[in-house]
Every structure is written in C-alpha cells, then in structure tokens.
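None of the figures in this text is laboratory data; all of them are computed from the coordinates on show. A quick note: this is a predicted structure, and the numbers were derived from the prediction, not measured. For neighbour counting, all protein chains shown are included, and Cβ atoms are generated from backbone atoms with ideal geometry for every residue, glycine included.
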Amino acid sequence: MTPGNWPGLDDLVESFDHFAIAVDAIESALPMVTGLGGTFHQGADHVRNRFRWIQFRLPGGACLELLQPLGGGSFLNRFLETRGEGLHHITFRVRDIEQAQARFSHTGLVTTGLHLHPDWSEVFVHPKSGHGVLIQLAAWPESENWRGYTLEDVMSGRSVDDT
C-alpha cells in the first residue's frame, strides 16, 4: 500500500494523546515516571476488563499511561506472558470513532475492539496493520480528571471505570 492509499484522517484526528506501557505492577514503574517529570493526571480500575490504568502528564503535555492486570483473565496477563513489560499501545484522539474505523477498514486495514460509549469510545488498528504497533483511536468528552480520583484512590483500588 502506498502512502497515497492510506485513508486520510487529518480531518478526524485532534491530537496524539498518550502512549501506554503494560507493567506487572504500577508501583515498580513510578520511579521511572516521576523521573521523567510525570505528574498524576487520572486513572481507575476497569473492573469489567480486569485492569488498572493510570495516566501521568509529562512535560510538554503528552501523557504516559501505565496498565496493570487485576487478577487473572485480563488481556494484560496474556500480553505480559507473551511479550513482557513494554509498550502496549499509542492513542490518538479523534472526533468520530465510527468514521475513523470505516475509513481504515475501507482500505483493508484491520481494526478491532470497536466500543461506543458516551464517556469513552474506541477502536484499535491491529498491530498487523499498524506495523507492529497497536494504535488506539478514541473519543471522549473534555475533562481534566474525569472522575476526580487521586493517585491514592487509584492505587488503593477505590476507583472504578465503568466505561
């Protein structure tokens, strides 16, 4: 596929938002994050999919997200078992998830995991189509800390993400 055949998303992509790192334990990655100048932004436990996520704002505005499995049965357990800790995905904020998914699929790029919700919608470009990188396209309402949780709330399990 030549560059000219890629579907144009320039009218849909608002910004690069974050990159996510899968870790066995978030606590072990905190020194790295603070060493990079990261400050807590938001996070929660995603009970349905059995993982904890925490985002840290980095100097310059991008976010680094840490993902940790919560017990067995999480997709992160499989990821960590086969690949070990490391880059899990990169995320671009888009204006319209369904339009972005349709444009990518129309050209034969493999997308997966379309999820539509008023608080968080997403679709992923499969790593086979993303040159080895899982690319998340997502849309959400603007908010600085969407649930108001603190780092302590998230680390202690007192936060829930039901999207």
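Taking region 44-67 only, how many residues are within 11 Å of the chain's Cα centre (by Cα) and not acidic (Asp, Glu)?
Kept after step one, since they are within 11 Å of the chain's Cα centre (by Cα), are these residues of region 44-67: 53-55, 63-67.
Still in the list and also not acidic (Asp, Glu): 53-55, 63-64, 66-67.
Of the residues in region 44-67, 7 are within 11 Å of the chain's Cα centre (by Cα) and not acidic (Asp, Glu).
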Problem - Segments classed as helices (runs of 4 or more DSSP H), wholly inside region 1-110, with at least 1 members that are under 17 Å from Val154 (Cβ atoms) - result: 26-35, 75-83
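The rows are residues; the columns are (1) surrounded by 13 or more Cβ atoms within 10 Å (Cβ to Cβ); (2) touching a residue at least 40 places away in the same chain (Cβ under 8 Å).
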position	(1), (2)
Pro31	no, no
Thr34	no, no
Arg48	no, yes
Leu64	yes, yes
Thr82	no, no
Glu85	yes, yes
Phe92	yes, yes
